[in-house]
1. What aspartates and glutamates could a cross-link reach from residue 179, if we take a straight Cα to Cα line under 17 Å and drop same-chain neighbours fewer than 8 places away?
2. Under a cut-off of 22 Å between alpha-carbon atoms, report the lysines in cross-link reach of residue 45, not counting same-chain residues fewer than 8 places apart.
3. Taking 0.36 nm per residue of sequence separation and subtracting the Cα-Cα distance, how much length would be gained by fully extending the chain between residue 153 and residue 29, in nm to one decimal?
4. Calculated from the structure, mean projected area of the Cα convex hull in nm² equals which of (1) 12.1; (2) 15.0; (3) 10.6?
5. Under the 0.36 nm per residue contour assumption, what length would be gained going from the current alpha-carbon distance of residue 70 and residue 143 to full extension?
6. Counting alpha carbon pairs within less than 8 Å and at least 6 residues apart, what relative contact order, in whole percent, applies to the chain?
7. If you stretched the chain out fully between residue 53 and residue 166, how much longer would it get, using 0.36 nm times the residue separation minus the C-alpha to C-alpha distance?
8. Can you put 90, 175, 44 in order of Cβ neighbours within 10 angstrom, beginning with the fewest?
Amino acid sequence: MTNRLCLLLLTAVLASPAIGHCAGEEACVRGEPAPVFPAAQAGIKAHRFNTVSSHEARERVELASGMTVDIHHQGCEYFVTTFRFEGAGILKSDASIKASYQAAAELLRQLGHLKSDPGFDLALAAATLEKASRSAQPLAFELELPVAGDGTDFLQSQVKLDNAGRKAASGFVQITLFKGPL
C-alpha cells in the first residue's frame, strides 16, 4: 500500500503544471552569445570567451595598448552587451561627466577599428555619446540614448554610459548597448 501511495504522489508531482512549465520553457529569443572578437588579430594580445549559460557569456580582451576590455553578453528578450574598459590613461583623476562621455565615445571608436562583430554599430554609438557630451542638456550616468541609424522602431539600439572613474593607477569606463524586445 505504501508503494502505491508513493507512486501516486510521484505521478502527481511530475504532472504538476509548474514542473511542466519549467521543463518545457521556451528557448531564448536572442540565441546563444558569440564572441565579439576573433581569437587572433593584430592589436589584441590575449582573448578569452566563456559561456555562462545559453543566454549569457563573458569575454575578456587585452589590447596591445595594455588596456583590457571585459565584455558581458546577456539578454534573452533583449540583446544586451556591456563593455568595461580598464587601463592607465583612460580618464584623468578629475574627469567631469562630460569628459567621461567623450572618453567613452573615443573608446568605442577604437574598438570599431578592430575586427569585431558586436551586433551594434560602434561608430554610431560613439557619435551618440559625443553628441550628448556637446549638448546643453545635463548629463548623468545611466541615461539611455537612442542610437540614430542603428536599428528601426522598437529595435533601435540604445547606448548608456553606466559609470566611469579612477581606481588606483588606472581608470575605467563602462558602456552598455542594447536593443529589444526581440
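Every number here is computed from the coordinates shown, using simple stated rules; none is lab data. The structure presented is a predicted model; accordingly, all values stated were derived computationally and were not measured. Positions of Cβ are backbone-derived with ideal geometry, glycine not excepted, and every protein chain shown enters the neighbour counts.
1. Cross-link targets: 32, 56, 77, 117, 121, 142, 144, 150, 153, 162.
2. 115
3. 42.8 nm
4. (2)
5. 24.2 nm
6. 19 percent
7. Full extension of this stretch gives 37.5 nm more.
8. 44, 90, 175
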